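Since the structure comes first, as structure tokens, the remarks are kept for the end.
The values are calculated or read from the model by the stated rules, or taken from the named source; none is laboratory data. Computed from a prediction, not measured in an experiment: that's the story for all the values here. Please note: Cβ atoms are built from the backbone with ideal geometry, for glycine as well, and neighbour counts cover all protein chains shown.
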Amino acid sequence: MRRVRLLGLVTSAVALVVVMAACSSTPQGSLMVTISGLPAGVAGSVEVTGPGGYAQSVTSTTTLTVAPGTYSITVAPASNGNAIVATLYDGSASPPSVSVADNGSSTTAVAYAMRPGSGAVWVPMKGGGPLAVEGFTSATLATAGSTGPDIGITGNNDGEAIAFDGAGNLWVSQFGGMLYHYDASQLASSGTPTPSLSIDASSYGNLIGLAFDAAGDLWVAVGIGNKLLQFTPAQLAAGGTPTPPVVISATPGGSLLTPIGMAFDPAGNLWVANHGGVSLVKFAASQLAASGSPTPAVTITNGLSNPFGIAFDASGNLWVADSAAGALRYDAADLGSASASPAAAITGAALPGGPEALAFDASGALWVAEHSTEDLRQFTNPGAWTGTVTPAADVIISSVGMTDVGMLAFSPSSSALPIQAP
């Protein structure tokens, strides 16, 4: 009798331990994130966030062990990391929010697809030739030679400058006063797409330079009209004939005189190349908050003859395409002074066609578009030059159909550059 009673006590104790262990286990479930649509070697960029500050980055198909609750899946563009210009892949999650139960299994599928227009440098044809904008992919840019563009967009010719927004959509300024917007999807192949929307700013004058600021506002240089216009993201999305919330006008002393090239520096200050005024002017970020005629914070004239396009390199140095003086570099440390002079200048035989515009690729190499020879020239390691230099171009692209090039732009802009399109 005592043996049976003891055995019963032991059995009850074991059962109690099992029950207690079960009660003390942490509730959990599984969340599978599947990623598709990316080529081999390209990692996804997915962030999973949830209860208790949970955050996990996912780059390939993965099953996560998580606590019960609701999780959000955020997908960022993926990049192939090309050394000249990256090809981007945009993705979306289905569903973007997932609930996970205790001992349950849930799944979200992230599908990527290549962003059309990315992985290339784009050049507008302001001469009104057969093509309005030409695109050259990274593969073409890697080898020198005479070639047609990989993608040619016709229609709405006489484009002066171009700029890409953060989603890879293309904006083109037209001398007659129009801004044209092409969705990234319209840049997949050559053709004559109808702009997805347009903005009529002809009442302000002839539109030339374009630059996005960090907030997504598009700034437009009115070359013959001597103004700078700001259009907000909401206005850009609506099109039509919006009134710019900020208009920067010229001072009597000529702070703006045929403004053409524009670029934002790392602090959000706007630099403008005055073609007619033969100067570089800096408007501090605080001067861009309201309409008016502010006196530039800095005005630089040394070394300039015929300035057009401008760009910043990864070190914050300002480069100028000057069709008479060459490609000029003003070092970041000197940009606070009106007495700044070029620390380096590419002149002579290196740029026989007269530089019109310039931009930097992902490796930091400088690309220059030339006016009369109608070509693109690449120079590697430009930050190492001092004084006047005549380096041989590492790559020269002579394109069939390139007529009177305007302000070129990479899509996407290099991640090494200090200011990005939003």
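Every test in (1) touching a Gly at 6+ places or on another chain (Cβ under 9 Å); (2) touching a residue at least 24 places away in the same chain (Cβ under 8 Å) is passed by Ala325 save one, and that test is (2).
Filter region 22-40 for residues that are surrounded by 15 or more Cβ atoms within 10 Å (Cβ to Cβ) and not in a loop (DSSP other than H, G, I, E, B); which is farthest from the chain's Cα centre (by Cα)? Once the filter is applied, the top-ranked residue is Gly29. Taking the criterion of being part of a strand (DSSP E or B) and among the hydroxyl-bearing types (Ser, Thr, Tyr), the only residue of region 300-341 that qualifies is Tyr330. Of all residues in region 34-82, none satisfies the criterion of being under 16 Å from Ala111 (Cα atoms) and touching a helix residue (DSSP H, G or I) at 6+ places or on another chain (Cβ under 6 Å).
Go through region 41-143 and tell me which strands (runs of 3 or more DSSP E), entirely inside it, have 3 or more residues that are under 30 Å from Ser30 (Cα atoms). Give the steps one after another, and end with the answer.
Details: elements: 46-50, 54-58, 62-66, 69-75, 88-94, 97-100, 105-114, 120-124, 133-137.
Result: 46-50, 54-58, 62-66, 69-75, 88-94, 97-100, 105-114.
Here Ala273 qualifies as touching a strand residue (DSSP E or B) at 6+ places or on another chain (Cβ under 7 Å) and either free of Cβ contacts under 8 Å to residues at least 24 places away in the same chain or under 21 Å from Ala409 (Cβ atoms) (or both).
Figure legend. Inter-residue proximity from region 51-73: first residues farther than 14 Å from Ile35 by Cα, second residues among the acidic types (Asp, Glu) and part of a strand (DSSP E or B), beta-carbon distance below 7 Å, spacing 6+ or different chains. Indicated pairs: Ala55/Glu47.
Consider region 214-228 and keep the residues that are at pLDDT below 95 and within 23 Å of the chain's Cα centre (by Cα). The one that is surrounded by the fewest Cβ atoms within 10 Å (Cβ to Cβ) is Ala215.
What number of residues within region 144-167 are in a strand (DSSP E or B) and closer than 21 Å to Ile208 by Cα?
Step one: filter region 144-167 for residues in a strand (DSSP E or B), giving 145-147, 151-153, 159-164.
When the remaining residues are screened for being closer than 21 Å to Ile208 by Cα, the result is 152-153, 159-164.
Number satisfying all stated conditions: 8.
Once region 394-412 is narrowed to residues that are crowded, with 20+ Cβ neighbours inside 10 Å, modelled with pLDDT of 90 or more and part of a loop (DSSP other than H, G, I, E, B), the residue that is farthest from the chain's Cα centre (by Cα) is Leu408. Annotation note: Cβ proximity below 6 Å between a residue of region 169-184 that is closer than 12 Å to Ala221 by Cα and a residue that is in a loop (DSSP other than H, G, I, E, B) (sequence gap 6+ or interchain) occurs for Gln174/Asp158; Phe175/Asp158; Gly177/Ala201. The listed residues are Leu236, Leu257, Leu270, and the only one of them that is of a type outside the set (Val, Ile, Thr) and surrounded by 22 or more Cβ atoms within 10 Å (Cβ to Cβ) turns out to be Leu270.
Candidates are the residues of region 136-176 that are among the small types (Gly, Ala, Ser) and crowded, with 23+ Cβ neighbours inside 10 Å; the one that is farthest from the chain's Cα centre (by Cα) is Gly159.
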